[in-house]
Amino acid sequence: MRRERNIAYILGLKYGLKDDQVRELIKVIKENKFERVRLINSVIEFLRKSGVKMSEDVGNYVEDLVSRYYSKLT
């Protein structure tokens, strides 16, 4: 649970998500944490729906962050 929150809070701070969006993001991470690629795609899709302007940098940042925490999530 702590790892999911860490990822969500870091992304929330970096991309200016509101508290309720961070809570939703935690749920998305919990639901998809067993497949790394699916988790990365789910988080990127969530950020897109939340109004974050997407660029290659956003995708790379999410991928790096998830990769860093992934082994500890499962």
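Here are the numbers for this structure:
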{"item": "Criterion (assigned to a helix (DSSP H, G or I), buried (at least 18 other Cβ atoms within 10 Å of the Cβ) and either modelled with pLDDT of 95 or more or not basic (Lys, Arg) (or both)) met by exactly one of Leu39, Leu17", "result": "Leu39"}
{"item": "Matching option when the condition is part of a helix (DSSP H, G or I), touching an Asp or Glu at 6+ places or on another chain (Cβ under 7 Å) and modelled with pLDDT of 95 or more, among Ile10, Ile26, Ile44", "result": "Ile26"}
{"item": "Count - residues of segment 1-58 that are charged (D, E, K, R) and in contact with a Lys or Arg (Cβ under 6 Å, 6 or more places away or on another chain)", "result": "2"}
{"item": "Given (1) exposed (fewer than 12 other Cβ atoms within 10 Å of the Cβ); (2) under 12 Å from the mean Cα position of the chain (by Cα); (3) at pLDDT below 95, index of the condition Asn32 fails", "result": "(1)"}
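The values are calculated or read from the model by the stated rules, or taken from the named source; none is laboratory data. In this text, all values refer to a predicted model and were calculated from it rather than measured experimentally. Cβ sites come from the backbone with ideal geometry, for glycine too, and all protein chains shown count toward neighbours.
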